[in-house]
Amino acid sequence: MENIQAFAYEIGKNGAKIWRCFSRDTRAVVPEYIGELKVTEIMPYAFSGHMDEEELQRGLSQGKIKVFSPLESGESKDRRLALCGDRLEEIVLSQGIVRIGRYCFYNCENLKSIRFTDSVRDWGSGAFTGCHQVKRISILMENGETSTLKDVLAELHEELCVEYELKNQPADENECQGEKNMSYAKLYFPEYYEEGVENTPARILETHVHGSGLYYRNCFLQRQFNFQEYDSRFVYARAQESFDFLAHMAMARLRFPYKLSDAGRKRYESYVREMSHEFAAVVIKEREISSVKWLAELAGTESEELTDCMVELAGKSGYAEGMSWLMDFKHRKFGGAKKKRRFVL
């Protein structure tokens with residue numbers, strides 16, 4: 001049975017303001033409407049375990065704050081389970097939400113995935129303080145390419161995968177056909193951290209930045225993401241990041257090449273060909289057939305040795321689907337090129 005979510009909300013000037021989500025699930029989906037009232041704001045500490053519960057209960061008792069649930073379960077208010085703090089693992093914010101309150105997700109230690117749209121214009125200070133497990137961000141652009149993605153990235157310093165979708169936009173001419181129905185990019189952002197180091201002779205405290213993540217988080221022109229700047233900084237990532245991370249970064253840009261310039265494409269393709277055997281180990285390990293096909297078509301066409309390597313890796317790991325496709329690929333690309341053996345008496 002589907003888990004029903006209830007929401008404590010307040011009626012504001014421009015729509016509903018969410019105070020709390022109640023659910024036994026770990027995924028919160030904030031609706032676009034509560035009844036006929038549009039949801040426009042998430043209140044401070046709404047998903048944090050540090051909210052002033054007395055203020056919430058006072059608002060409920062006075063009728064200032066109401067509770068909405070799609071289905072009335074008959075469950076009493078005092079037995080509702082708040083979805084907040086370390087219980088929250090995924091948050092989905094619907095189109096129309098304009099403002100997120102300060103410290104909204106404060107110390108949500110298990111939050112891993114965030115989805116929001118370009119309707120959000122204001123993230124309150126410290127919204128993601130204490131959120132160190134976020135791995136994926138999805139942003140849907142419905143009104144051009146201006147968003148508050150920069151503000152979100154500024155608060156999250158760990159490695160991140162950002163899925164960037166543009167609705168109702170003509171597909172980029174470089175976009176892989178059949179991968180997505182809308183303009184789409186998958187962007188990997190490296191980790192970084194800052195360290196204060198005392199310079200005793202100068203009597204000052206210097207800030208040292210470790211990791212290339214800060215370079216990537218600055219790829220914005222005002223509120224628009226600059227894809228060319230992002231691609232140009234691959235040299236910094238190569239110098240500081242692990243191969244596994246670089247592999248995913250390069251594959252994502254080549255497979256979903258929204259606004260990928262010719263120079264950027266050549267840079268990534270050169271790296272793939274240089275490290276082709278290492279890439280083979282990554283795609284076979286992950287057992288994603290679309291990645292296997294992509295690598296074989298890009299680099300395996302030029303190298304039977306790489307194709308043989310991929311077949312061997314698939315066989316050793318017991319990856320039957322991949323090995324079957326690769327054997328067929330090898331036959332199609334190289335089978336007819338071999339000379340027939342002749343026996344001379």
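The values are calculated or read from the model by the stated rules, or taken from the named source; none is laboratory data. Being a predicted model, the structure only gives us computed values, none of them experimental. Ideal geometry is used to build each Cβ from the backbone, glycine not excepted, and the neighbour counts take in all protein chains shown. Heavy atoms of the whole protein, side chains included, go into the accessibility calculation; ligands, DNA and RNA do not. Shrake-Rupley method; radii C 1.70, N 1.55, O 1.52, S 1.80 Å.
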³J(HN,Hα), Karplus 6.51/-1.76/1.60, whole Hz, each residue of the range 223-233, x for Gly, Pro: 9, 10, 6, 9, 5, 5, 5, 4, 5, 5, 9
Restraint check, K38/K167; K66/K167; K167/K330, Cα-Cα greater than 32 Å: K66/K167; K167/K330
Proximal charge balance of E90 [Cβ under 15 Å; K/R count +1, D/E count -1]: +2
Across K135/K186; K150/K285; K112/K150; K64/K150, pairs whose alpha-carbon gap is larger than 23 Å: K150/K285; K64/K150
Charge dipole (debye, nearest 20) of the range 28-144; +1 at Cβ of Lys and Arg, -1 at Cβ of Asp and Glu: 100 debye
Relative contact order (percent, whole number), the range 291-337, Cα cutoff 8 Å, 6+ residue spacing: 33 percent
Charge dipole magnitude, Cβ of K and R +1, D and E -1 - the chain, Cα centre, debye nearest 20: 960 debye
Estimated dipole of the range 240-281 in Debye, rounded to 20 [Cβ of Lys and Arg +1, of Asp and Glu -1, Cα centre]: 280 debye
Residue of H210, H132, H248 that the Gaussian network model of the chain assigns the largest fluctuation, springs spanning Cα pairs under 10 Å: H210
Reference-scaled alpha-carbon Rg (2.2 N^0.38 Å with N residues) for the chain: 1.23
Accessible surface of the range 178-306, 1.4 Å probe, proportion on carbon and sulfur as whole %: 46 percent
Theoretical ellipticity at 222 nm over the chain - DSSP helices of four or more residues, -39500 (n - 2.57) apiece, nearest 500: -9500 deg cm²/dmol
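Can you tell me the length gained on complete extension of the stretch E195 to V209, counting 0.36 nm per residue apart and subtracting the Cα distance?
Stretched out fully, the E195 to V209 stretch lengthens by 4.4 nm.
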Relative compactness, the range 189-274, computed as alpha-carbon Rg over 2.2 N^0.38 Å: 1.32
Unit charges at the beta carbon, dipole of the chain: most positive-side option, L214, I289, H157: I289
Positive-end extreme of charge dipole, the chain - chosen from G318, I91, V197 (charges on Cβ): G318
Relative contact order %, the chain, counting alpha carbon pairs below 8 Å whose residues are six or more apart: 10 percent
Accessible area expressed per residue, the range 198-345, with surrounding protein chains retained (probe 1.4 Å, Å²): 59 Å²
